[in-house]
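Values in this text are rule-based calculations from the coordinates and carry no lab data. This is a predicted model, so every value here is computed, not measured. Cβ placement follows ideal geometry from the backbone for every residue including glycine, while neighbour counts extend to all protein chains displayed.
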Amino acid sequence: MIITGRAVKMDKAIASVTAIVPVYNEKQAIRYSIDKLYQFMASHLLDFEILIVESGSTDNTDKICEEISNRRAEVVVFHEERKNGFGSGLRLGVKNASKDYVWIVPVDLPFQLETLLDALELLDDYDCVLSYRAEDRRHFARKVQSFIYYMLCRVLLGIKVKSINSAFKFYRTELLKTFEIISNGWFIDAEIICRLQQLDAKIVEIPVDVLDRIHGTSKVGTFDSLGVIKEMLVFRKILKNKVGK
């Protein structure tokens, strides 16, 4: 078990945080989201950075990201030459994270940024803070799809958390850097949770209100679900091969 407990509660302002924002074709959302994220982090943290991972956008998002970075020393942009997936962008962000904690921030800002302040209160006792929907307002078919995926992850991978694709995710950077992330797509959340459970990391989940997107459109396509299942089976095979050695 990883021991993280300390006698004195952490002062939120001294937390050192890397926010990772993977983006693809987000010209309508990127300026608003990064500006809001920057203002929030600058108001509450003394040491932070925002890493934008831009993955082969075709709508001028790459140039907008450079403009934003040129105005903010704390904002750094990494460009992938093609669309490799959310997991690929996250992997590149983790590799370049230089702060003590990694905060995954989807560009559509699907949660209140103040949730970070709640997470910081828990760092003395936990290694990562995940989330689950305080209220699930999704349509029935989407709930069924999520439930099936959740059960597959639970049965095939032994994942024990309440929610896998949680909107809010906050990790100790040193933990994420102890294992190799292989997923390129949306399976990345399940892979990281599985890896953390193998490390016996202390995980806590908090309820979060999920917010509707106000700029741009979702980039999750119809065939992404098939890609997630494929990555899950590949990952499970890797785990079984390691156990068999």
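Summing charges over neighbours of Lys143, with a neighbour being any other residue whose Cβ is under 13 Å away from its Cβ, gives +2 when K and R count +1 and D and E count -1.
Quick one: go through region 56-80 and flag any residue whose amide nitrogen is under 19 Å from the point 7 Å out along the Cα-to-Cβ line of Ala42. Under cut-off, by backbone N: 64-77.
Considering helices alone, the calculated mean residue ellipticity of the chain at 222 nm is -12500 deg cm²/dmol, with DSSP H runs of length four and up weighted by -39500 (n - 2.57) and normalised per residue.
As a length-normalised measure over Cα pairs under 8 Å and 6 or more apart, the relative contact order of the chain settles at 25 percent.
In terms of the Cα gyration tensor, with a ≥ b ≥ c the square roots of its eigenvalues, is the chain rounded because a/c is under 1.5, prolate because a/b exceeds b/c, or oblate? Rounded shape, in that the Cα axes give a/c under 1.5. Put in order of Cβ neighbour count within 10 Å, fewest first, the listed residues Leu123, Leu51 become Leu123, Leu51.
Taking the charge dipole of the chain about its Cα centre, with +1 at Lys and Arg Cβ atoms and -1 at Asp and Glu Cβ atoms, the residue from His139, Leu92, Leu239 reaching farthest to the positive side is Leu239. The magnitude of the dipole of region 88-199, with charges of +1 and -1 set on the Cβ of Lys/Arg and Asp/Glu and taken from the Cα centre, is near 540 debye.
Restricting to the chain, compute how many DSSP beta bridges are antiparallel as a %, nearest 5.
Within the chain, antiparallel bridges account for around 20 percent of the total.
Say the cut-off is 29 Å between C-alpha atoms; which of Lys99/Lys237; Lys63/Lys162; Lys143/Lys169; Lys160/Lys240 go over it? Exceeds cut-off: Lys99/Lys237; Lys63/Lys162.
For the residues Leu196, Leu157, Leu46, a GNM of the chain with alpha-carbon springs under 10 Å puts the largest fluctuation on Leu46. Packing around the peptides 104-112, 73-81, taken as the average count of other Cβ atoms within 10 Å per residue, puts them in this order, highest first: 104-112, 73-81.
Farthest toward the positive end of the dipole of the chain, out of Ile229, Gln112, Ile181, is the Cα of Ile229, where the dipole comes from beta carbon charges about the Cα centre.
The distance from the alpha carbon centre of region 25-86 to that of region 109-182 is 23 Å, rounded to a whole number.
Residues whose amide H lies under 5 Å from that of Lys169, counting only those 5 or more places away or on a different chain, are Ile104; hydrogens are built 1.01 Å from N in the peptide plane. Positive end of the dipole of the chain (Cβ unit charges, origin at the Cα centre): among Asn60, Ile206, Tyr150, the Cα lying farthest that way belongs to Tyr150. Each residue of region 126-133 was assigned a 3J(HN,Hα) from its phi angle through the Karplus curve 6.51 cos²θ - 1.76 cosθ + 1.60 (θ = phi - 60°); the sequence is 9, 8, 8, 10, 10, 8, 9, 5 Hz, with glycine and proline shown as x.
The charge dipole of the chain, taken about its Cα centre with unit charges on the Cβ atoms of Lys, Arg (+1), Asp and Glu (-1) only, comes to about 1020 debye.
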